[in-house]
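Have a look at the structure below before the remarks.
The values are calculated or read from the model by the stated rules, or taken from the named source; none is laboratory data. Because the structure is a prediction, the values reported are computed rather than measured. Ideal geometry is used to build each Cβ from the backbone, glycine not excepted, and the neighbour counts take in all protein chains shown.
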Amino acid sequence: MQQLTGLDASFLYFETPRTPMHIGAIQIYDQTALPGGVQTFTAIVEQVRSRLHMARTFRQKLVNVPFGLDHPYWIEDKDFDIEFHIRHIRLPKPGDWRQLCIQVARLHSRPLDLSKPLWEFTVIEGLDNIAGLPPGCYAIVTKVHHACIDGVSGVDMVEAIHDVDPDRPNVRPLETPWRGENEPTALELITRANINNALQPLRAAEVAARSIPAFGRLTRGVMERRFEAVKPVPRTRFNGTVTAHRVIEGRMFDLAEVRAVKSVVPGATVNDVILTVCGGALRKYLQAKNELPEQSMVAMAPISVRAQDQRGTMGNQVAAMNVAIGTHIADPLERLRAVHNEAKSSKEMTQAVGAKLMTDYSQFIPSTTAALAARLYTRLGMANRTNPVFNCVITNVPGPQVPLYFAGAPMVAQYGLGPLFDGMGLIFPVVSYCGKISVSVTSCREMMPDPEYFARCIEDSFAELKSAAQSEAHAKASA
């Protein structure tokens, strides 16, 4: 039995029927590489079954503390049934990209069953008409609750069920037979809650002691104007109450081309380029609707604070930084330079405070207070009454740069899926894999009724930035 951290539990408290808090991915495989060119559903289920012991998320379910006196616990589900968690559907003809996105949006809109281990895989066959992919591909759409994993631990889960060599399965031996756990009694859970609550002042004092020098560094940085403690955030169509309906889109780019763009601005990173592309796409989209704010939109960018020895563990180990993404700047290279400087400043502020320290504070908010605050925020429509803290989320998760295989079939593409909540109706999950990088979009259907057009905005934004970078590189070479 393992207790959720305050940060992990917060994703449960913010969950409503309109805002399911799971993350996921669209992973596409080429089954024509298999003998006979067909992947069976049985082989897919057996592939996952053989790796269940390699990721704790697969068989752990929630146990809530009576009266919400403390954060919930994970226990091994003795009634675990793999066939509940892996489903199977097929697209009708022609099986194109837009059909896939619509079907994935429907799946992503539905909350997970909180009484069972918090994940689902849906196999989608019939991907026969997607540009750049061979006919007959199939996809696995994954849904895993954010209370279980963050982006980095999600990569660990992906690696657990895949192989780097189809002829040599990467299956670790099971050291001890798996056994489920009986649910703890109400008395046991309440006793644990009383002990935890009694120890909280000591833990809070330890974090407070570490906070004093951090706040000193923060104050000096603000006074020396090395960074802004608070960035002005404009209100946009993406910063109100979201509906239960989702839209999904995504575009794939060559990672080498992204790296070539970043090399034009000294010190710029791949992440700076992606932030700039997203900023350019939002500029085009909102400008077309006569809604472009005068101030730059601000993105929240998660930062992993997971130590190397914490790989393979459940839960969230992330802090965050806010970055202005230059939506007010027309010139794409000028936008990249501005984003690079903004990201550098935000990173400096995060380092001054300490990313790990930011996450520690979430441990000391009482579970009853956190749950009540989340419910009130939703029921009172506070997203429409308060200024947004950021406009969107852009989360970049580096993935493996070698081919992965699932039950022998090579993965040929991967796109991310993210959660929405009131006040934040747009997230860009960014995933790199095998020399490519995908920029995906998850949004509310009412806020983004035309996701295909937004995807073209992403394409055009990258094309303009790439062209400007090539012209700049050519001019420097000719000088």
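Structure values in brief
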item: In the stretch 38-96, the residues that are part of a helix (DSSP H, G or I) and surrounded by fewer than 17 Cβ atoms within 10 Å (Cβ to Cβ); result: PHE41, THR42, ALA43, GLU46, ARG49, PRO66, PHE67, ILE82, GLU83, PHE84
item: Qualifying residues in the stretch 97-129 (those that are within 19 Å of MET157 (Cβ to Cβ) and not aliphatic (A, V, I, L, M)) - the one surrounded by the fewest Cβ atoms within 10 Å (Cβ to Cβ); result: ASP113
item: Qualifying positions in the stretch 163-182 - farther than 30 Å from LEU62 by Cα and out of contact with any Asp or Glu (no Cβ under 6 Å at 6 or more places or on another chain); result: VAL164, ASP165, PRO166, ASP167, ARG168
item: Residue in the stretch 267-280 that is of a type outside the set (S, T, N, Q), in a loop (DSSP other than H, G, I, E, B) and more than 24 Å from the chain's Cα centre (by Cα) present; result: yes
item: Meets criteria (closer than 22 Å to TYR433 by Cβ and touching an Asp or Glu at 6+ places or on another chain (Cβ under 7 Å)) for CYS148; result: no
item: Which numbered condition ALA288 misses (of (1) modelled with pLDDT under 80; (2) surrounded by fewer than 20 Cβ atoms within 10 Å (Cβ to Cβ); (3) on the phi < 0 side of the Ramachandran plot); result: (1)
